[in-house]
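Read the structure below first, then the notes.
Each value in this text was obtained by applying a stated rule to the coordinates, not by laboratory testing. This structure is a prediction, so every number in the text was calculated from the model and none was measured. Heads up, the Cβs are rebuilt from the backbone with ideal geometry, glycines too, and the neighbour counts pull from every protein chain shown.
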Amino acid sequence: MSSSSEPSLSARLARQALRVAEGLGLPVEALGREAGLRLEELDDPELRIPYTVLDDMLERMAARSGDANLGLHIARVDMVDLDDPATFVVLTSATLRDAMERGCRYQRVWGDGERFRMEETERGVRMRFTPVGTWRPAHRHLTEAALVQFATGVRFFTCVDVRPLRVRFAHPAPEDTAEHEALFGCPLEFGATANDIEFSHEDAGRPFVHADALLNTMFERQARRVLERLPQASTTTERVREAVRRALAGGDCSFAAVARALRQPPRTLQRRLAEEGQSYAAIVEALRRELSEAYLRRRMSIAEVSFLLGYAEPAAFHRAFKRWWGTSPESFRRERLLPLP
């Protein structure tokens with residue numbers, strides 16, 4: 001029901017929300033109908049809906065139920081989608097850090113836009129979440145659902161009671177934060193500059209109990225096929241990523257060149273990226289990090305990978321790679337990648 005011109009997401013979150021609505025005694029069919037959804041269509045694993053449809057539905061649910069913590073309750077609905085390869089890519093990753101990186105890489109399977117962004121910090125690593133579009137009340141519930149799912153997912157995937165270092169929310173604090181404190185078990189900050197959840201270096205390196213390199217490779221191939229079937233990228237961030245990807249190998253990947261390729265004035269492009277919570281430098285950095293692993297998996301030489309990522313000298317690539325992965329490209333290939341059959 002979505003068009004390529006409007007950012008959309010998988011209908012999975014709508015299914016979770018309606019499950020909560022049913023538990024709250026709300027008129028599920030009426031909620032779906034008011035949002036323009038037919039309940040029988042929601043069983044389609046490939047259905048994508050505009051973000052605005054989900055936002056409208058969540059705001060109606062919150063108004064009718066009076067549930068101040070709707071997002072927290074949506075996050076606790078256990079619904080495993082066996083047709084979602086991106087989730088299984090995360091599940092079979094080696095460590096929390098690897099899972100975060102892969103989750104960002106394949107996030108468009110779940111929804112358009114760069115909603116999730118992994119960032120290194122002095123104390124460890126954090127996942128930032130930015131809802132799509134201009135802020136509206138539904139975004140508070142979407143943010144809380146996303147960060148709770150992340151926190152509880154880490155405990156499930158590691159079988160360890162991992163607690164974040166800190167969780168931040170851009171929205172103001174609700175009147176009662178007792179449920180938030182119980183779920184996260186760490187310091188909370190409201191009215192912050194961004195929404196994110198941070199973990200220590202030690203926890204970022206914790207192994208996942210379902211880690212399997214062979215299955216992970218298989219699920220990644222499936223996730224890539226899903227991405228290839230999706231409509232053309234509709235957000236500014238995604239269009240910039242594609243332009244950078246095309247320009248990296250021997251081309252001019254400067255911001256001015258990408259702005260020309262997208263036929264947008266540089267100031268306009270910079271403003272639109274900022275509206276989506278992104279910067280050009282962060283997009284280039286994340287894409288290079290992602291591609292570095294993909295190229296090493298293909299057994300390319302270090303010099304060739306350096307060239308394909310747009311580095312003038314292999315030494316610059318080595319420094320960047322060590323910053324991203326904490327090890328050299330040679331050691332990374334030896335320790336993490338599958339041996340040739």
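Quick notes on this structure:
- Listed values for the range 164-170 are Karplus-derived 3J(HN,Hα) couplings in whole Hz (6.51 cos²θ - 1.76 cosθ + 1.60, θ = phi - 60°), namely x, 6, 6, 10, 10, 10, 6, and x replaces Gly and Pro.
- For the range 179-202 and the range 34-74, distance of Cα centres in Å: 25 Å
- Ranked packing of 178-188, 194-204, 279-289, most packed first, by mean Cβ within 10 Å: 194-204, 279-289, 178-188
- The order of the peptides 103-115, 308-320 by mean Cβ neighbours within 10 Å, most packed first, is 103-115, 308-320.
- As a ratio to 2.2 N^0.38 Å, the alpha-carbon radius of gyration for the range 175-334 is 1.26.
- Rounded to the nearest 10 degrees, the inclination of helix 12-23 to the longest alpha-carbon principal axis of the chain is 20 degrees.
- Compared with the dominant principal axis of the Cα atoms in the chain, helix 51-65 is inclined by about 30°.
- The C-alpha atoms of the chain define a longest principal axis, and helix 266-275 lies at about 50 degrees to it.
- Taking the average, over residues, of other Cβ atoms within 10 Å as the packing measure, peptides 37-49, 131-143, 89-101 rank 89-101, 131-143, 37-49 from highest down.
- Taking amide H as placed 1.01 Å from N in the peptide plane, the amide H of Arg166 sits under 5 Å from that of Glu198, each at least 5 places away or on another chain.
- The calculated FRET efficiency for Leu24 paired with His201, based on their beta-carbon distance and R0 = 35 Å, is about 0.30.
- Pairwise Cα inverse-distance average, inverted: Kirkwood Rh of the range 85-204 (Å): 14.7 Å
- Cα radius of gyration and Dmax for the range 172-224 (Å): 17.2, 47
- Estimated inter-spin distance, Glu285 and Ser254, nm [label 7 Å along Cα→Cβ]: 2.1 nm
- The slack between Glu335 and Leu262, meaning 0.36 nm per residue of separation minus the straight C-alpha distance, is 22.3 nm.
- Projected label distance in nm at Arg64 and Val226, using a 7 Å step from Cα toward the beta-carbon: 2.9 nm
- CD proxy at 222 nm, helix term only [per DSSP H run n ≥ 4: -39500 (n - 2.57); per residue of the chain; nearest 500]: -16000 deg cm²/dmol
- Tail fraction, Cα-Cα pairs, the range 8-75, threshold 18 Å, whole percent: 27 percent
- The Cα atoms of the range 255-329 give a gyration tensor whose axes a ≥ b ≥ c have a/c of 1.5 or more with a/b greater than b/c, which makes the shape prolate.
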